[in-house]
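Some notes on the structure that comes next.
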Amino acid sequence: MIEVPESAITPVDVQLKDGRHVTLRAVVPQDREAVHAAIKRLSPESRYARFMSPLHELSPQMLERAVNPERDNELQLVAVRKGPPDMIVGGARYSSGPGNKDCEFALAIIDEWQGLGLARKLLEMLMQIAKARGFEHMEGFILASNDRMLGLARSLGFVDMPSPEGPLVRLLRRDL
């Protein structure tokens, strides 16, 4: 498990299964173009798995929210491959309503970076920070056909249950 200081989100360098290194860190407003490019680099299948719609790119409002998360209710992490040029190859976020002790996660990894352990590292870091910030539970809505993400979440202690969204979506939930 990646150790994350409670008081700050210090960038963490991690090695992936294939030996490549990435830096996991909080998104900053200057990442706007890199986040936009990363979403466009996702395959249509990966974009659909993340957004559950045939989205091609983020709207200006979605992009603004992605790079300027609300400190108390949201966190957006990015995985950056050092360049030149630096490139965002994955991201994970949680969001919650004000005063809520539950948060919802979402995750996306650029296709050619999938299967290397990056999703696990991002989700572990996200869970640690959410717990340090006082959240008690984390949940995610995952397409029932997304076997890799369902397997990862289960391996990290998430309980798989039916979703109120219907049979095509699973709800995964765990205590922090």
Check your understanding: Name the pairs whose Cβ atoms lie under 9 Å apart, with the first residue in segment 162-173 and surrounded by fewer than 13 Cβ atoms within 10 Å (Cβ to Cβ), the second among the charged types (D, E, K, R) and assigned to a strand (DSSP E or B), and 6 or more positions between them or separate chains?
Key -> Pro162/Arg170
Check your understanding: Which residues, counting only those in segment 78-96, are under 18 Å from Ala66 (Cβ atoms) and small (Gly, Ala, Ser)?
Key -> Ala79, Gly90, Gly91, Ala92, Ser95, Ser96
Practice item. Scan segment 87-116 for residues that are surrounded by fewer than 17 Cβ atoms within 10 Å (Cβ to Cβ) and in contact with a Leu (Cβ under 7 Å, 6 or more places away or on another chain) and jot them down. Key: Asp111
**Study point:** Tabulated pairs, segment 50-70, first under 15 Å from Ala38 (Cβ atoms), second β-branched (Val, Ile, Thr) and not in a helix (DSSP H, G or I), C-beta under 9 angstrom, 6+ apart or interchain
**Key:** Ala66/Val27; Val67/Val27; Val67/Val28
Practice item. Determine whether Pro84 is within 19 Å of Met149 (Cβ to Cβ), surrounded by fewer than 11 Cβ atoms within 10 Å (Cβ to Cβ) and at pLDDT below 95. Key: no
Check your understanding: Restricting attention to segment 65-111, and to residues there that are part of a loop (DSSP other than H, G, I, E, B) and among the polar types (S, T, N, Q), which single residue is farthest from the chain's Cα centre (by Cα)?
Key -> Asn100
Practice item. Could you tell me whether segment 130-150 includes any residue that is of a type in the set (D, E, K, R), more than 14 Å from the chain's Cα centre (by Cα) and surrounded by 15 or more Cβ atoms within 10 Å (Cβ to Cβ)? Key: yes
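The values are calculated or read from the model by the stated rules, or taken from the named source; none is laboratory data. Predicted, not measured: the structure shown is a model, and the values here were computed from it. Positions of Cβ are backbone-derived with ideal geometry, glycine not excepted, and every protein chain shown enters the neighbour counts.
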